[in-house]
Each structure stands twice: as C-alpha cells, then as structure tokens.
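Q: Take a look at the following structure, please.
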Amino acid sequence: MRGRIVLVCILAVCSAVKVTGQVGANCFLQDYEPRNATLPPFKLADKTTAEPVVRAEILAAEPLGTISPYLFGLATAVWIGEDQNNPVLVGHLRKLAPSLIRFPGGSWSDIYFWNGTPEDLPGTIPDGGNSGRPISLNPQSGLYYKLTFDRYLDMRDQIGSQGLITVNYGYARYGTSEKPVEQAAHLAADWVRQDGGMTRFWEIGNENGGPWEAGWQIDTTVNRDGQPEIISGELYGRHFRIFADSMRAAAAELGETIYIGGQILHYDGSSSWNTADRSWNAGFFRAAGDAADFYVIHNYFGNSSATLKEQVSIARSEIVENISFIKQDILANGAPDRPIALTEWNLKWASAADDQKRSSIANGMQAVVLLSEMIKHNVGMSSRWLIANWESDGIFYNGASSAIPMWNPRPDYFYLYYLRHFTGDHSVETTITLGADRDVLVYATRFASGEVGAVVVNMASYARVVELVPKGVGVGDRFYYYSLKGSDGKQWPQGVVVNDEKPVAPAWGPHQGLEAIPAYASPVGESIRFDSPGRSVQYILIEAGEKWLQVEEKKPVRADHFELLANYPNPFNPETTISFTLQRRSEIKLTVCDLAGRKIATLADGMHEAGAHRVQFRAVDSAGMSLPSGLYFYRLEAAGLLSVKKMVLTR
C-alpha cells in the first residue's frame with residue numbers, strides 16, 4: 001500500500017489557496033492520452049447478403065469532441081457489509097477497467113465520518129420527508145465497516161482506478177459547534193491530507209437539496225451560527241467556497257492538485273414542490289462563483305412501468321434533455337463553463353416489482369445508450385450506481401442465496417465490458433440515411449490508431465440488417481463485432497448471450513473466459529453489413545486502411561428520392577431558409593426537433609411536386625412560442641428515407 005500523510009485538524013480557515021476552479025480548463029481532460037485500438041481474438045464469419053433495412057453514415061472526419069477518460073466510473077458503498085476488496089470481485093473489476101470508483105456511498109456520505117464519530121453531533125435531526133419530525137441522526141464511523149478508507153484505496157490500486165470521494169456536507173448544517181461549516185470543511189481537508197494525493201476528484205455532499213438528505217432541514221434551536229432551517233442553493237454555494245478553500249489548501253500542502261464538484265439541478269425547479277429546488281441553480285451559481293471545477297448531477301432514468309424498448313428510449317430522451325437544460329441554464333445565469341459529472345445514475349425503479357427489470361438485459365442496454373449519449377454530448381465524468389448491493393441491485397450479486405455465487409456478474413457487466421473496449425478517444429457524428437424509425441440507434445468513435453468503433457442498439461423486438469458507411473476515413477479489409485442479446489424471449493431476460501456463448505446457470509453471462517470469446521470477423525468488401533437481432537447491441541471495430549466505401553445507388557431511382565440542403569443563414573436569428581429538392585413527385589414531411597428529439601414544428605407535410613422547394617422557418621414552436629437559443633435539427637422524411645441536418649439559433 002502506498003504511504004499517506006496523517007495530519008491533525010486545525011480549526012481555522014486556511015487562505016493559502018485561492019478558492020477558484022481550473023478556469024478555462026476541463027479537469028477531466030488534464031491527463032487525456034490518445035487511445036489505440038486492440039484487435040480482439042476472432043473467428044471468420046460470413047457476411048449477410050441481405051439488403052440493409054437500416055443504413056448509417058459515420059462522419060469519421062467530423063469529431064464531436066474528445067472523450068473523457070473518466071466516463072466509465074462506478075460507485076461503491078461502505079454499508080454493503082462484505083469486504084469488496086477481495087480477489088473475486090477485484091478480478092472482475094480489472095476486466096471491466098472502471099476509470100474511477102466513487103466512495104463512500106450515496107446519502108450515507110452526509111452522515112459518514114471517515115476517521116470516527118465527532119462529539120458535536122445532535123441526537124436527532126428533522127426528517128425533511130416527514131414534516132420535520134425528529135429522527136435519529138445515526139452517524140456512521142468509517143472505522144467500523146469492512147471497506148475502510150484504506151481498504152478502498154488498496155482496492156483502487158489493484159484495479160488501477162482513480163477515485164471520486166463524496167465528503168460529508170450535511171455535518172456543516174446539523175453540527176452543533178460554534179462554527180459547524182468551518183468544522184465540517186476542515187474535516188474534509190483532513191481527509192484530503194489523509195488521502196495523500198491518491199484521489200484527484202472530490203464532491204461536496206450528496207443530493208443536499210433533497211428532503212431525504214441529512215442537513216436539508218436543521219433544528220435551528222441547536223444550530224449556533226444562524227443558519228436557516230431549510231437549505232438553499234445560495235447557502236450551499238457559500239459553504240461550497242469554504243469547503244473548497246480548505247480542501248485545496250490541504251492539497252497544496254502535499255504539492256497536489258485536486259478537482260472539486262458542486263451540485264446543481266438538471267431540470268427547471270422553479271415550480272417544484274421542494275422549496276430548495278426553486279432557485280437552487282441560480283443561488284449556487286451566484287454564491288459559488290468560479291469555485292467549482294465541475295457540476296454534479298444525479299438521475300435515475302426511464303419509467304418504472306415501461307417495456308424494454310420504452311425503458312431505453314425514454315432514458316435516451318431524458319439524458320439529452322438533462323444536458324441541454326444544464327448548458328442553457330449555465331448560459332442564462334452567466335455561470336462559468338464547467339464540465340458535467342453524473343456522479344450517480346442508473347435505471348429508475350419504484351418498487352420490488354421492478355427487480356426483474358433492474359437485473360435484466362434492459363439495464364445493460366440502457367447503460368450503453370446513456371453512456372453513448374454522454375460521450376456524444378461531451379459529459380466529463382460518470383460513476384454508475386452500484387458495484388454490488390443485495391438481491392437485485394448492483395453489477396455484481398451480493399445477496400443471500402447460496403445457489404448464486406457471490407459477486408456473480410449481472411448482464412449489465414457484459415454490456416459495459418464491450419463498450420469500454422470498443423470506445424475510442426474522439427466521438428464522431430452518425431446519421432441514419434435509411435430507415436426512418438427510431439428503433440435503431442447508432443453511435444461511433446475514432447481511435448488514435450485510425451480504427452472506427454461503432455455501437456448499434458436495436459430496441460425493437462425483431463431483427464434488422466444494418467449497414468455502416470464510414471465517411472472521411474479509409475477502412476481496412478475486415479470488421480470485427482460482438483452481438484449481445486437476451487438468453488430467452490421473456491420481457492426482461494435475466495441472462496445475456498455473447499455471440500454464440502450462452503450463460504450456464506447460475507451465471508447470468510459467460511464471464512468465465514470472457515476475454516477469450518472470439519469476435520465475429522467479416523470481410524469489408526464493398527460494405528460493412530451485419531444482422532442485428534431484436535433487442536440487442538452490436539459492438540463493431542472497423543480496421544483502419546485505405547479503402548473508401550461508397551453506397552451503391554439502386555436503379556431505377558426511387559420516386560421518393562430527395563436531397564436536403566443546408567439551411568441559410570446558419571447560425572440564424574430569428575429566421576432561416578430550408579431548401580430541398582425532389583426528383584419525383586413525392587409525399588414528404590419536413591419537421592424541426594430540439595436536442596432531445598422532440599418535435600417543435602412541422603414545416604411541410606403532404607404531396608409535393610418534383611423540383612426545388614424552399615421553406616422559411618421562424619424560431620417559434622407549433623404554438624407560436626419563441627424558441628430559446630440552442631442546437632436544433634430539421635428532418636426530411638419520405639417513404640422510409642430520412643435526412644437530418646443541424647442548425648443553430650442564437651438570440
């Protein structure tokens with residue numbers, strides 16, 4: 001184990017380090033390194049000769065952004081009970097290669113004391129979710145649990161992962177000393193000293209704007225520094241600066257740099273039932289100023305009553321909406337531009353009735369889509385909840401059944417494993433040019449070594465033939481792919497099949513010898529084409545080379561053939577012209593959508609004559625309401641063909 005420095009707590013605010021984030025820098029890209037692809041073991045497979053139902057162009061020469069190395073994070077929790085730093089679990093995690101591990105675990109972070117329970121604690125605190133009725137604080141000592149802080153660091157060291165530590169902010173609210181904020185901030189600073197520079201990323205508190213969190217509401221009769229009963233974003237922002245100041249000073253004593261995140265909302269809370277939500281972001285941005293290195297959000301995605309297809313599709317819309325809202329809210333509040341970190345996220349559930357969903361392939365498919373959207377929209381960090389927990393929660397089994405091996409990987413493990421290994425270092429745009437439905441999603445990235453990685457998600461219950469057409473880059477002689485699908489036809493399959501490898505009970509997937517499972521390898525020839533079974537995911541690696549693929553146009557030309565042209569002007573305010581041409585008289589639909597894929601307006605719908613057409617778009621929705629600044633898409637559809645282009649509204 002690496003040595004660490006232990007220093008005593010000093011109860012004075014240290015001002016040696018200015019409380020300022022890394023201005024103009026993305027802290028998650030500070031140690032970015034180009035990523036080279038590794039060809040997997042493979043076996044030759046015949047390429048399908050069927051015509052594609054879905055065709056996607058991969059615009060490999062148009063990078064959307066650099067991919068943060070900290071997107072593939074996980075979270076652990078000290079209260080699991082079992083010692084997670086064990087050879088079986090660590091062996092699985094080494095294969096998965098999480099880029100970081102969050103500690104010590106969710107809401108417990110706000111009652112967790114890493115070095116033992118202090119004396120200045122109340123016996124009870126108000127229960128914000130139950131009209132403020134007193135409940136036991138129940139503080140947790142980090143010295144009591146099997147996964148101590150030292151064991152956590154050792155576990156990370158074996159896996160090769162960075163860390164994210166959530167410090168106890170609740171203590172700053174419910175502590176009974178004369179200066180509870182300073183006391184809590186210096187407890188956090190001493191944690192930085194104890195860490196000794198091993199952990200780069202820290203966040204102040206967990207979901208502190210929620211009534212379920214210790215410190216959301218306090219007993220003002222025992223508080224000694226005049227804090228309000230209910231928290232606000234502005235109060236949290238002021239306290240954030242004190243924490244960040246103390247923690248950065250502690251890191252500077254060690255000659256280290258740490259990066260600190262602050263909590264914001266990913267939705268408009270102005271009309272929320274929760275009073276803290278209503279001005280949380282504006283208050284935090286105003287009070288914290290430039291102190292945060294990144295902005296923290298949490299969310300659980302999907303609908304508890306949804307089908308597998310809906311669960312994945314809804315989650316995709318939600319993550320795009322979240323990111324779009326945050327970026328617009330940062331601009332609206334004049335806040336510093338900082339990267340976004342989803343430090344807790346997973347599939348949404350409401351009750352035990354959702355347990356089958358959580359432990360099924362739906363969770364894996366949803367995780368692939370959510371991470372792919374994070375990559376596409378340049379999110380800086382994510383830590384997925386949770387490594388292990390009880391019977392139906394967590395990537396690894398930690399339940400009571402003697403028939404199931406402890407730490408048995410669930411289906412989402414396999415979906416995350418292949419995504420991790422088939423993701424490059426830059427995201428690139430994809431456009432579906434054949435197949436107008438939304439049942440198939442295509443994402444792509446590029447490796448520094450020239451290969452293209454692609455992910456295809458088929459949410460429908462039936463198979464498709466998919467063709468990928470890389471643009472702006474040459475390809476080699478072969479493409480390699482893995483196909484993951486459910487082990488049965490049930491609504492929530494509990495097992496996953498990887499290519500031809502089926503799970504053998506009690507395993508939920510072929511984790512024994514996972515690294516040796518061969519990919520299918522097919523010749524590129526004139527096209528990259530493969531079968532996508534219903535409710536499945538394909539991970540494709542396309543060799544780099546000098547061959548340029550073209551889509552062969554079939555003759556005669558279809559009557560609905562068209563060309564969608566770039567709008568002008570672009571960017572625009574408030575009006576732009578959209579032009580398109582039709583080779584034959586055709587029935588078409590021209591619509592405008594926002595970043596989340598929601599239809600904003602229909603500009604043309606019905607039969608149109610052959611020739612050139614021009615449509616004016618004024619930046620209003622179908623109800624005549626003005627649209628905010630941002631990125632929008634206009635889509636031209638005709639009898640199964642689809643063309644999509646981007647436009648930017650600047651107010």
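Read-outs: derived from the displayed coordinates by stated rules, not from any lab. Just so we're clear, the structure is a prediction, and the values are computed from it rather than from any experiment. Cβ atoms come from the backbone with ideal geometry, glycine included; neighbour counts cover every protein chain shown.
Q: Could you name the aspartates and glutamates in cross-link range of residue 471, using Cα to Cα under 15 Å and dropping any fewer than eight places away on the same chain?
A: In chain and number order, the partners are 57, 62, 429, 451, 526, 543, 546, 552.
Q: Restricting to the chain, what percent of DSSP beta bridges are antiparallel, rounded to 5? It would help to have the intermediate numbers written out before the result.
A: Values: 91 of 131 bridges.
Beta bridges within the chain, antiparallel portion: roughly 70 percent.
Q: For n ≥ 4 DSSP H runs only, could you compute -39500 (n - 2.57) per run for the chain, divide by its residues and tell me the 222 nm figure to the nearest 500?
A: It comes out at -6000 deg cm²/dmol, rounded to the nearest 500.
Q: Going by alpha carbons, how many degrees (0 to 90, nearest 10) lie between the helix axis of 180-195 and the longest principal axis of the chain?
A: 70
Q: Near residue 348, which aspartates and glutamates are there with a Cα under 20 Å away, not counting those fewer than 8 places off in the same chain?
A: In chain and number order, the partners are 207, 213, 268, 310, 318, 321, 373, 391, 393, 412.
Q: Which entries of 599/645; 357/646; 589/646; 95/146 have Cα-Cα distances beyond 26 Å here?
A: The pairs that break the limit, which is 26 Å between Cα atoms, are 357/646.
Q: Please work out how much length the chain gains when fully extended from residue 623 to residue 224, using 0.36 nm per residue of separation minus the C-alpha to C-alpha distance, in nm with one decimal. Numbers along the way, then the final one.
A: Numbers: separation 399, 0.36 × 399 = 143.64 nm, distance 5.25 nm.
Here the segment from residue 623 to residue 224 would lengthen by 138.4 nm.
Q: Looking at [x] -0.36, -1.15; [y] -0.31, -1.15; [z] -0.83, -1.22, which value of log10 I(q)/I(0) by the Debye sum over Cα atoms at q = 0.06, 0.11 Å⁻¹ comes from a calculation on the structure shown?
A: Answer label, from the structure shown: [x].
Q: Could you rank the peptides 378-387, 108-117, 165-174, 542-551 by their average count of other C-beta atoms within 10 Å per residue, with the highest value first?
A: Listed from highest to lowest mean packing, they are 165-174, 378-387, 108-117, 542-551.
Q: Which order do the peptides 51-63, 361-373, 177-189 come out in when sorted by mean C-beta neighbours inside 10 angstrom, highest first?
A: Working: 51-63: 18.9, 361-373: 25.8, 177-189: 21.7.
Final packing ranking: 361-373, 177-189, 51-63.
Q: Which parts of the range 326-368 would a label at residue 644 reach, counting a residue when its backbone N lies under 20 Å from a point 7 Å out along Cα-to-Cβ?
A: 326-328, 365-368
Q: For residue 526, put the label point 7 Å out on the Cα→Cβ axis and report which residues of the range 450-465 keep their amide N under 19 Å from it.
A: 465
Q: Explain nothing, just the number: dipole magnitude of the range 382-528 about its Cα centre with +1 on each Lys and Arg Cβ and -1 on each Asp and Glu Cβ, in debye rounded to the nearest 20.
A: It comes to approximately 140 debye.
Q: So for each of 266-277, 330-341, 405-416 I average, over its residues, the number of other beta carbons within 10 Å; can you give me the resulting order with the highest mean first?
A: Most protected by this proxy first, the peptides run 405-416, 330-341, 266-277.
Q: Pick out, from 379, 362, 415, the residue whose Cα sits farthest towards the positive end of the charge dipole of the range 359-422, with +1 on the Cβ of Lys and Arg and -1 on the Cβ of Asp and Glu.
A: 379
Q: In addition: Please give the Cα centre distance for the range 575-640 versus the range 82-142, rounded to the nearest Å.
A: That distance is 51 Å.
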